[in-house]
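Structure record follows, encoded as structure tokens.
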Amino acid sequence: MTSPLRDELKAFETLAENFALKELSPRREESDRYPFGPFPDDILEKAYEVGFLGITLPEELGGIGQGISALCNVLERICRADASLGAVIFTNTLSQEIIMRAGGSDILGRILSSPADAKGFLIAFPSYSNPAEHSGLPAAKKGANGYALSGKVDYAVLGNLASHALVPARTSGLDGYSLFLISLNDPRVRKSEPVFSLGVHACPACDLVLSNAEATLIGGEDRGKDPYEDASDFMNAAAAAMSLGVMRGSFDYALAYCNEREQGGWPIVNWSEIKMILSSMAVQVEVAGMAVSEACCAIENKVSNGKTLARAAALFVQDAACLLTTDGIQVLGGYGYMKDYGQEKRFRDAKQLQALLGLSPLRKLRFMDQINAKA
Amino acid sequence: MITGSEMKALLNRFPKFEDSCIGLEYAPRLPKGIVGETKELIAYARKFNDEVIRPRVLVLDRETFEDPGYLPHDIMKTASDWGFYTMWVPRLFGGRGKNLPSLTYTIEEISAACAGIANVIGVHFLGVTSLMTSFNMKLTAKILKETVEGEKKGEPCLISFGLTEPMAGTDVEEMDLVDRGKVVTHAKRVDGGYLVNGRKVFISMGHMSEWTAFYAYTDMKKPSKSMIGLAVRKGTKGFSLGRHEDKMGQRVCPASEIIFEDCFIPDEDVMIDSYSMKKFTKKSADAIMMRHIDYLASATKAGVCAISVGVARGALEDAIKYASETTVAGRLLINHEWAQCILAEMYKNVILGRLAYTEANNANAHRGTYEMLQVKPAYYYLKYMPDAYFRMIAPMLEKPFSTWAMSKMYLDRKPDKDVFLTSGMSSLAKFAGSDFGIRNCQLALEIMGQEGLRHDRGMEKRLRDCKVLQIYEGSNQMNRVALFKNLIAPSYPQARVWGESAREVL
């Protein structure tokens, strides 16, 4: 990596760190109350203003044109404080990356050229499922004036915030799926209330019901799979970075607490069983950190096994985050279970993030298929 | 093949046969009536789940998010109408007198539908057990009579138990640690009783209980030598309820802060006091109180395991249902081999978890707390004598004789090795079960993907409900040390526990 690039990365790190510290941490519990409390619109606006909603989007399309390393650095630091905004950035970036890879940059430029606010810049996507695994995709019908979609889209992330959604749908008679852009202001799109979920409450999803919704085909008919998988490879590194952020957040808090809390007459960090747990958490954080930065480097330098590394990193770090955040509550005892301390949220968020990009067992199987295909 | 004395010597070696094959060793002693009684209760709990819990569990949980001040008055009233709050109160005290191990099977069943509601019911028996193991039959009879009458009147009279303090969790559960800890609940001896000041936290159902049994210390410099058990009625001057916590799960069951400010507790509500026990036993003050903690925890930790197994089972049931209805990558999920193996793993966890609490029950029934009620003659006597008989002998409980008899049986005659076994096995059940619970919830969510994340599917709630099971009734780490202390260390004289922070160099 050349040094100006490193300097630029450093600047993003600092920006994200300050943002997390000033905007996210103080209001984490309040934001997490959504949908039973207000959505933190102002935080989303600020994230948009500093460019977090278009980190890898080229400048000519309204983004800041950075690569995977910048995206991962920002996501990790954001997720240390609050993974919800991380998941917003992730889903929006995933939509952008899929559209660009499907050859839809022009369309993207058109809809992102003059958004009224941050929400105008958001494109919803069912980012917790791989369309190829899904048996119930909506059906697309071609008419004289383009395409119309009918059916259900489950768990469209950002569905009740965004102006547009990227929707995978089946074109009758064809096996695969195609990608369509729809407007969420279309009266033929019915949105459910936000789906109350396990984690990342301030990155809400909703179910959509489409009744002949007007849709723009992105890329070729029945050609959705390649751009999706290609973008997914890239975004696996980002998913790993998010879980890494949650891990660091959980470990940092646990360590600080164990130095403060006393049982048996001294800080519990001195009890060797607690120290053992903390040590194992620290090892996991360090190894996960290496996995993410290695995957980023490989993608950035276009090394041939970059995709493999990104997928491996995601699978490893997401699993590790679920285990680590369990201990992150455990060392706080009863306090860890309460909403006042952030650790229970990290535990929920870690499990939620593990489900990104499709069922994790199927992602593991496909990972093996990829390796086998190469061999 | 082998001589009798040789066999005895070999079987008494660590690990001793009678301590490690408890179910087998004591199987012939099990009164058969227990089996039918337990089956009836499991069926009753399933009916309760179908009619009461399942139709509204998710609506209730959502309500707790919409209104963080939510308290389960409605559910408590319904559980009372179904008779749960007197179900395991002995007939001697006017209750329904079901055998105590059957409580765990019932609680597992209810937890499979909702662990929070299971605790709304189950934690009352933590309070009941704290009284029943206190050697103070007079106070026990007084409070349980109110519970029985409360149920008849439709005004539930629940009992909670207060142990944890803001700065002392593990410390208050171990006499070896409490002197090094920062306890705050002070009881000052005054004319006719005690004046209490201090604070307790995370007291399950504190806001809902008529009575709270709790520990306090008369000498803050020597808590281990000066611990006493008291009971306080809601509304007593100087006793107040603070906030109830905003928890990740089991939200239907409040975890309360309780506050004492110059709260006067009269002598008649002193539950256990090592000073007055001196006329009945030669055991030291800390040994008496440690026995109380051990007897109580041996019963309730098996209960936490049962809640955990219920959650683990609920997760399994959710995962099977989802897998059998959902097509993934062109094939029903249940027909993917990897998914079958995950379901098998989850099934295994449920069975092993249940075996763990069953063995803890066996230890309690034949070597511990329930022993007196579980030997065949006593069991059938208590089961079949008419109510009038118990009404007749009930006044006996108020005589010092009853305290004397209890303390002979549970303090002087009960060997340490039995207490080690019941404490060790209940700790084992507690951490094994709750780890299985978390594991099953994690696996179910992995199988279900985005569907599992939605509140309206119910699975994510199980994970949230489950996590606290690794924490309450002693963190799983503390329970691992307790297993070592009770099941391993007694055979190795050089072993010391909780020694790392002591001044002595080992």
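The values are calculated or read from the model by the stated rules, or taken from the named source; none is laboratory data. All figures in this text were calculated on a predicted structure; none of them were measured in a lab. Every residue, glycine among them, receives a Cβ derived from its backbone with ideal geometry; neighbour counts consider all protein chains shown.
Pairs needed: first member in region B:329-351, touching a residue at least 24 places away in the same chain (Cβ under 8 Å); second member anywhere, outside any helix (DSSP H, G or I); C-beta distance under 7 Å; at least 6 residues apart or different chains.
Once the first residue is touching a residue at least 24 places away in the same chain (Cβ under 8 Å) and sits in region B:329-351, its partners that are outside any helix (DSSP H, G or I) give B:L333/B:T326.
Can you work out which of the residues in region A:155-175 that are surrounded by 17 or more Cβ atoms within 10 Å (Cβ to Cβ) and small (G, A, S) is farthest from the chain's Cα centre (by Cα)?
Taking the candidates together, the pick is A:A169.
For every residue, the table says whether it meets (1) farther than 21 Å from B:D191 by Cβ; (2) without any contact (Cβ under 8 Å) to a residue 60 or more places away in the chain; (3) acidic (D, E); (4) outside the structural domain of B:V184 (by TED's automatic domain parsing).
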{"position": "B:L230", "(1), (2), (3), (4)": "no, yes, no, no"}
{"position": "B:R233", "(1), (2), (3), (4)": "no, yes, no, no"}
{"position": "B:F239", "(1), (2), (3), (4)": "no, yes, no, no"}
{"position": "B:E245", "(1), (2), (3), (4)": "yes, yes, yes, no"}
{"position": "B:G249", "(1), (2), (3), (4)": "yes, no, no, no"}
{"position": "B:P254", "(1), (2), (3), (4)": "yes, no, no, no"}
{"position": "B:D262", "(1), (2), (3), (4)": "no, no, yes, no"}
{"position": "B:D269", "(1), (2), (3), (4)": "no, no, yes, no"}
{"position": "B:I293", "(1), (2), (3), (4)": "yes, no, no, yes"}
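Please go through (1) touching a residue at least 40 places away in the same chain (Cβ under 8 Å); (2) buried (at least 22 other Cβ atoms within 10 Å of the Cβ) for A:D226 and return the number of the only condition it doesn't satisfy.
With respect to (1) touching a residue at least 40 places away in the same chain (Cβ under 8 Å); (2) buried (at least 22 other Cβ atoms within 10 Å of the Cβ), A:D226 is out only on (2).
State whether the residues of region B:122-132 include one that is within 15 Å of the chain's Cα centre (by Cα), modelled with pLDDT of 95 or more and over 26 Å from B:I288 (Cα atoms).
no
Pick from B:K383, B:K321: which is part of a helix (DSSP H, G or I) and in contact with a Pro (Cβ under 9 Å, 6 or more places away or on another chain)?
Matching residue, one of B:K383, B:K321: B:K383.
For region B:245-265, which positions are part of a loop (DSSP other than H, G, I, E, B) and within 14 Å of chain A (Cβ to nearest Cβ)?
Answer for region B:245-265, where residues must be part of a loop (DSSP other than H, G, I, E, B) and within 14 Å of chain A (Cβ to nearest Cβ): B:E245, B:D246, B:M248, B:G249, B:Q250, B:R251, B:C253, B:P254.
Can you find a residue that is modelled with pLDDT of 95 or more and within 27 Å of the chain's Cα centre (by Cα) anywhere in region A:255-267?
yes
Matching residues to (1) under 28 Å from the mean Cα position of the chain (by Cα); (2) charged (D, E, K, R):
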site	(1), (2)
B:E317	yes, yes
B:C341	no, no
B:N349	yes, no
B:P377	yes, no
B:P386	no, no
B:A394	yes, no
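If I go through region B:172-200 residue by residue, how many of them are touching a residue at least 40 places away in the same chain (Cβ under 8 Å), assigned to a strand (DSSP E or B) and either over 25 Å from the mean Cα position of the chain (by Cα) or surrounded by fewer than 21 Cβ atoms within 10 Å (Cβ to Cβ) (or both)?
8
How do the pairs read when you match residues in region B:62-88 that are away from chain A (no Cβ under 14 Å) and farther than 18 Å from B:A45 by Cβ with residues anywhere that are surrounded by 13 or more Cβ atoms within 10 Å (Cβ to Cβ) and among the aliphatic types (A, V, I, L, M), using Cβ under 7 Å and keeping only pairs 6 or more apart or on different chains?
If the second residue must be surrounded by 13 or more Cβ atoms within 10 Å (Cβ to Cβ) and among the aliphatic types (A, V, I, L, M), the pairs left are B:L71/B:M208.
Hey, can you tell me all the residues within region B:324-365 that are among the aliphatic types (A, V, I, L, M), within 20 Å of B:E460 (Cβ to Cβ) and part of a helix (DSSP H, G or I)?
Result: B:L333, B:A339, B:I342, B:L343, B:M346, B:V350.
Mind telling me which of the residues B:D412, B:D465 ends up being surrounded by fewer than 20 Cβ atoms within 10 Å (Cβ to Cβ) and more than 8 Å from chain A (Cβ to nearest Cβ)?
Numbers: B:D465 fails: surrounded by fewer than 20 Cβ atoms within 10 Å (Cβ to Cβ).
Going through B:D412, B:D465 in turn, just one is surrounded by fewer than 20 Cβ atoms within 10 Å (Cβ to Cβ) and more than 8 Å from chain A (Cβ to nearest Cβ): B:D412.
Report yes if some residue within region A:72-85 is surrounded by 24 or more Cβ atoms within 10 Å (Cβ to Cβ), within 14 Å of chain B (Cβ to nearest Cβ) and either without any contact (Cβ under 8 Å) to a residue 24 or more places away in the chain or in a helix (DSSP H, G or I) (or both); otherwise report no.
Yes: one or more hits.
Restricting to region A:355-370, name every residue that is part of a helix (DSSP H, G or I) and either aliphatic (A, V, I, L, M) or more than 7 Å from chain B (Cβ to nearest Cβ) (or both).
Matches in region A:355-370: A:L362, A:R363, A:K364, A:L365, A:R366, A:F367, A:M368, A:D369, A:Q370.
Assess whether B:E37 counts as being farther than 30 Å from B:L397 by Cβ, assigned to a helix (DSSP H, G or I) and acidic (D, E).
no
For region B:299-319, check the following and say yes or no: at least one residue is surrounded by fewer than 24 Cβ atoms within 10 Å (Cβ to Cβ) and basic (K, R).
No, region B:299-319 has no match at all.
May I ask you to verify whether A:T93 is outside any helix (DSSP H, G or I) and more than 14 Å from chain B (Cβ to nearest Cβ)? Reasoning before the result, please.
Values: outside any helix (DSSP H, G or I): no; more than 14 Å from chain B (Cβ to nearest Cβ): yes.
Taking the combined requirement at face value, the residue does not satisfy it.
Does B:M459 fit the bill of being buried (at least 17 other Cβ atoms within 10 Å of the Cβ), within 14 Å of chain A (Cβ to nearest Cβ) and under 19 Å from A:D327 (Cα atoms)?
Against the criterion (buried (at least 17 other Cβ atoms within 10 Å of the Cβ), within 14 Å of chain A (Cβ to nearest Cβ) and under 19 Å from A:D327 (Cα atoms)), B:M459 does not qualify.
Of everything in region A:30-45 that's assigned to a helix (DSSP H, G or I) and surrounded by fewer than 17 Cβ atoms within 10 Å (Cβ to Cβ), which residue is nearest to the other protein chains (Cβ to nearest Cβ)?
Within region A:30-45, the match that is nearest to the other protein chains (Cβ to nearest Cβ) is A:E30.
Of everything in region B:456-485, what is small (G, A, S) and within 23 Å of B:D318 (Cβ to Cβ)? Give them in sequence order. Break it down into steps so the answer makes sense when it comes.
From region B:456-485, those small (G, A, S) are B:458, B:474-475, B:482; that's our starting set.
The one that is small (G, A, S) and within 23 Å of B:D318 (Cβ to Cβ): B:G458.
Please indicate, with yes or no, whether at least one residue in region B:309-323 is assigned by TED's automatic domain parsing to the domain that holds B:L352, touching a residue at least 12 places away in the same chain (Cβ under 8 Å), in contact with a strand residue (DSSP E or B) (Cβ under 8 Å, 6 or more places away or on another chain) and not aromatic (F, W, Y).
Within region B:309-323 (the criterion being assigned by TED's automatic domain parsing to the domain that holds B:L352, touching a residue at least 12 places away in the same chain (Cβ under 8 Å), in contact with a strand residue (DSSP E or B) (Cβ under 8 Å, 6 or more places away or on another chain) and not aromatic (F, W, Y)), the answer is yes, since at least one residue qualifies.
Can you tell me which residue among A:K119, A:K142, A:K152 is surrounded by fewer than 22 Cβ atoms within 10 Å (Cβ to Cβ), farther than 19 Å from A:R188 by Cβ and touching a residue at least 12 places away in the same chain (Cβ under 8 Å)?
A:K119
Table: residues versus (1) at pLDDT below 95; (2) not in a helix (DSSP H, G or I).
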site: B:A394; (1), (2): yes, no
site: B:A405; (1), (2): yes, no
site: B:L428; (1), (2): no, no
site: B:C441; (1), (2): no, no
site: B:E446; (1), (2): no, no
site: B:Y472; (1), (2): yes, yes
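Which is surrounded by fewer than 23 Cβ atoms within 10 Å (Cβ to Cβ), in a helix (DSSP H, G or I) and within 14 Å of another protein chain (Cβ to nearest Cβ), of A:S280, A:S250, A:S293?
Of A:S280, A:S250, A:S293, the one residue that is surrounded by fewer than 23 Cβ atoms within 10 Å (Cβ to Cβ), in a helix (DSSP H, G or I) and within 14 Å of another protein chain (Cβ to nearest Cβ) is A:S280.
Filter region B:147-171 for residues that are in a loop (DSSP other than H, G, I, E, B) and either within 14 Å of another protein chain (Cβ to nearest Cβ) or acidic (D, E) (or both) and give the result.
Correct list: B:E155, B:L163, B:T164, B:P166, B:M167, B:G169.
Cβ-Cβ distance below 9 Å, separation of 6 or more or different chains: which pairs start in region A:317-340 with a residue that is more than 8 Å from every other protein chain (Cβ to nearest Cβ) and closer than 13 Å to B:Q477 by Cα and end on one that is assigned to a loop (DSSP other than H, G, I, E, B) and of a type in the set (A, V, I, L, M)?
Between residues of region A:317-340 that are more than 8 Å from every other protein chain (Cβ to nearest Cβ) and closer than 13 Å to B:Q477 by Cα and residues that are assigned to a loop (DSSP other than H, G, I, E, B) and of a type in the set (A, V, I, L, M), the close pairs are A:L332/B:I471.
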